[in-house]
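Remarks on the structure that follows.
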Amino acid sequence: MHSSLKGPGGSTKMWWRTSAVLAIGVLTLAACNGDSGAGGTDEEPTDAATSDTASSEGGGAEGAAEIRFSWWGSDERHTVTQEVIDLFMEKNPDITVVPDYTDWGGYWDKLATTVAGGDTPDVMTQEERYLTDYANRGVTADLAALGVDTSMVDASVLDSGTIDGELAGVATGVNAYTIVADPQMFEEAGVEWPDDTTWTWEDFMNIATEISDALGDGVYGVQDFGGNEAGFNIYARQQGESLYAEDGSLGYSDETLEEWYQMLVDLRESGAMPDGARSVEIAEGGPEQSLLGTNSGAMGFWWSNQLGAISSAAGRDLELLRVPGESSGERTGMYYKPAMFYSIAADSEYPDAAAAFVDFLINDPDAGALILSDRGLNANTEVRDSVSGMLDPLEVQASEFLGALSTEIVDGPPAPPTGAADVPEIAGRINEQLLFDTVSPADAAAQFTSEANAAIGQ
Amino acid sequence: MSVVTELGKKKKGPSAYRKGDAKAAAFFLAPWFVGLFLITIGPMAASAYLSFTDYSLLEAPNWIGFENYTRMFEDPRLLNALKVTFLYVFISVPLQLAAALALALVLDRGLRGLAIYRSVYYLPSLLGGSVAIALLWRQVFGADGLVNGFLGLFGIQGEGWVSHPDYALGTLMILNVWTFGAPMIIFLAGLRQIPQMYYEAASIDGAGKWRQFTSVTLPLLTPIIFFNLVLQVINAFQTFTQAYVVSGGTGGPADSTMFYTLYLYQKGFASLDMGYASAMAWLLLAIVAGMTAVNFLASKYWVFYND
């Protein structure tokens with residue numbers, strides 16, 4: 001941690017930033033040096049620290065450029081991404097791409113720290129809740145100005161990365177927040193497979209309870225889903241409201257959120273959902289430890305591109321279902337979410353090389369053939385078509401599911417406002433209080449609204 | 001150092017020797033000074049400055065005066081973090097010291113293979129602050145962990161201890177008590193210093209084992225207890241890794257393991273509110289300094305220096 005210290009000889013701003021980061025470290029966190037590094041496997045050839053010196057020493061050579069690419073994800077994604085990088089370097093021998101990856105949990109701490117240290121990755125993976133924060137603070141470059149070719153990217157998806165008229169990030173692909181269900185569980189419980197185009201929230205609750213009752217101890221209808229605010233957003237949209245309004249304020253009424261929380265409490269009390277302690281433990285375990293992944297539950301709310309990971313944990317093929325209430329509300333609530341974005345650092349030393357790499361990631365059919373649907377259903381429609389034959393059956397299912405939604409989805413939710421990056425933490429924490437009955441649904445709703453308002457500066 | 005002084009002695013007179021010595025001292029101290037200024041004093045000064053700004057990590061800081069400090073008094077989560085941290089310090093430190101002293105007394109009775117026992121009991125202290133042990137702790141106290149497996153033998157259906165807000169902090173306290181090795185070693189050294197003749201005199205006066213412990217061992221050991229207490233209190237206030245790993249970085253469930261340092265970290269690096277986090281770091285420094293001062297003042301009334 002201390003070895004990357006830049007002395008007072010650098011720019012004062014940078015020195016302040018580095019000092020600040022170190023100060024926190026020295027004052028309180030001296031013990032945690034080892035655990036925040038890349039949670040990586042040993043195949044990685046260089047780490048961030050060595051690449052720093054390499055780039056400052058080798059920067060003079062004409063045409064040669066070294067850029068750093070950061071992303072989060074599972075081991076599988078790391079392997080695939082490394083193959084994509086190798087392919088790019090083969091086609092562009094002048095450019096060296098240094099990988100910089102970690103798991104989701106550590107990614108944002110690490111990114112914020114490197115940005116503060118004046119060492120922003122040249123190309124970074126972003127997510128919608130964070131992109132606004134980074135773009136508004138001038139960390140990201142305008143991809144359009146750098147000449148990244150986005151002509152084949154679906155227009156509505158491209159829009160999601162446009163902030164204040166600048167293309168702060170180009171979407172890698174789309175996915176949708178929805179229900180993953182286990183047909184075998186339904187069969188064992190003797191519960192009829194629902195028609196997801198017409199089912200209501202009430203149907204959903206009844207089915208979850210029936211399955212729990214039928215299958216007995218340790219098997220549940222549905223995994224707790226109160227900790228992800230995306231579910232509530234869909235619920236609110238079905239009633240003509242939304243989590244965030246166009247003007248960047250909160251766009252729902254507390255009564256709607258209270259109903260949502262009440263539904264979660266009812267599900268838990270009816271035994272359709274595990275108790276608080278078990279729910280917390282399961283939620284921390286990711287897809288592998290989920291109810292579906294361990295064959296101890298019939299349904300769960302997930303992002304559609306997680307279908308493969310959960311199915312392989314479960315050891316059987318699972319299926320996607322629409323969120324309930326799509327036809328019984330005022331309007332449909334589901335939406336396409338840009339799975340991730342690629343952004344370029346505004347202060348990158350080699351913006352052209354970075355732009356060439358992003359161009360390659362989104363437009364090159366060979367890159368697309370490696371990535372497949374790992375970063376969502378490809379946003380580049382041409383690449384999407386060219387790889388469609390290579391997808392495995394689960395990816396085909398997810399892709400067809402998303403395709404079928406296109407006629408139903410009314411619009412995309414507005415981009416989350418600055419400060420929205422805090423909201424997942426708030427949602428998760430208040431849901432935990434709800435799980436242990438330390439707050440009533442009404443108080444939980446009021447508390448969420450007040451904390452979310454504080455986070456987004458309203 | 002001795003090589004330098006000897007060389008100096010042979011070649012030059014006493015004043016030149018002193019001069020050379022000072023140079024050598026400066027030379028050998030230089031690395032420490034560089035470290036002190038670059039990674040302690042410098043960053044502390046920066047942190048003091050930043051605590052008066054709205055620094056977001058991504059943008060240059062703006063001066064906002066005492067706002068961060070006044071905000072702290074209206075932050076219910078910060079008060080909760082203080083409550084959690086104080087509970088942890090006040091409960092786990094005394095228990096840890098009691099465990100350390102008890103073990104030291106047992107080991108001090110001239111057991112065969114003392115070195116082995118000492119190492120075995122010290123081991124948790126070497127491992128206790130590590131990520132691996134924290135992960136292990138999660139498993140041991142999980143819903144399907146060892147603890148519940150053991151309770152199951154008696155027909156007791158245990159909770160998911162680390163996932164329940166009423167018990168999660170308790171599991172971390174047990175973890176801290178378990179790492180009693182460092183104070184134990186110091187207690188052992190302290191026990192060795194007590195002259196045997198006091199015990200002989202006491203036994204001639206008819207004092208039993210317990211009376212010997214309360215009238216001889218404890219009073220003569222108070223300076224060591226005091227030393228351990230100060231050290232462990234400071235350590236406990238700075239606990240971070242265990243809470244971070246056991247709660248998956250959230251301080252959960254429902255903020256029940258949200259230690260002060262963890263909240264500070266979240267504010268600085270997750271909420272990008274480094275100005276506030278810096279102010280929090282200074283408050284922690286003040287609290288730890290205050291606690292240490294109280295410890296020293298109180299020590300007049302119970303610590304016995306036999307000199």
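The values are calculated or read from the model by the stated rules, or taken from the named source; none is laboratory data. All of these numbers come straight from a predicted model, not from anything done at the bench. For neighbour counting, all protein chains shown are included, and Cβ atoms are generated from backbone atoms with ideal geometry for every residue, glycine included.
Some points to look at:
- Residues (over 11 Å from the mean Cα position of the chain (by Cα) and among the hydrophobic types (A, V, I, L, M, F, W, C)) located in region A:103-128: A:Trp108, A:Leu111, A:Ala112, A:Val115, A:Ala116, A:Val123, A:Met124
- Unique match (being among the hydrophobic types (A, V, I, L, M, F, W, C), assigned to a loop (DSSP other than H, G, I, E, B) and surrounded by fewer than 17 Cβ atoms within 10 Å (Cβ to Cβ)) among B:Ile91, B:Ile156: B:Ile156
- Failed item in (1) within 14 Å of chain B (Cβ to nearest Cβ); (2) over 30 Å from A:Ala236 (Cβ atoms); (3) within 21 Å of the chain's Cα centre (by Cα), with A:Pro424 passing the rest: (2)
- When residues in region A:111-133 are screened for being within 9 Å of chain B (Cβ to nearest Cβ) and under 14 Å from B:Ser271 (Cα atoms), 4 of them pass.
- Residue check: A:Asp275 meets all listed conditions (1) out of contact with any strand residue (DSSP E or B) (no Cβ under 7 Å at 6 or more places or on another chain); (2) at pLDDT 95 or above but one, namely (2).
- Criterion: modelled with pLDDT under 95, closer than 24 Å to A:Gln447 by Cα, surrounded by 19 or more Cβ atoms within 10 Å (Cβ to Cβ) and more than 14 Å from chain B (Cβ to nearest Cβ) - qualifying residue of A:Tyr235, A:Tyr244: A:Tyr244
- Exclusive hit being in the same structural domain as A:Ala446 (by TED's automatic domain parsing), farther than 30 Å from A:Ala455 by Cα and either outside any helix (DSSP H, G or I) or in contact with a helix residue (DSSP H, G or I) (Cβ under 9 Å, 6 or more places away or on another chain) (or both), set A:Val280, A:Val191, A:Val265: A:Val191
- With respect to the conditions (1) within 26 Å of A:Ile430 (Cβ to Cβ); (2) under 25 Å from the mean Cα position of the chain (by Cα); (3) surrounded by fewer than 23 Cβ atoms within 10 Å (Cβ to Cβ), A:Asp224 lacks only one, and its number is (3).
- When the test is whether a residue is assigned to a loop (DSSP other than H, G, I, E, B) and closer than 30 Å to B:Leu58 by Cα, A:Pro424 does not pass it.
- Residue in region A:114-126 that is at pLDDT 85 or above, under 25 Å from A:Gln306 (Cβ atoms), in contact with a strand residue (DSSP E or B) (Cβ under 7 Å, 6 or more places away or on another chain) and assigned to a helix (DSSP H, G or I) present: no
- Residue ID - nearest to the other protein chains (Cβ to nearest Cβ), chosen from residues in region A:136-160 that are at pLDDT below 90 and not in a loop (DSSP other than H, G, I, E, B): A:Asn136
- Complete set of residues in region B:46-63 that are more than 23 Å from A:Thr114 (Cβ to Cβ) and facing chain A (nearest Cβ under 10 Å): B:Ala48
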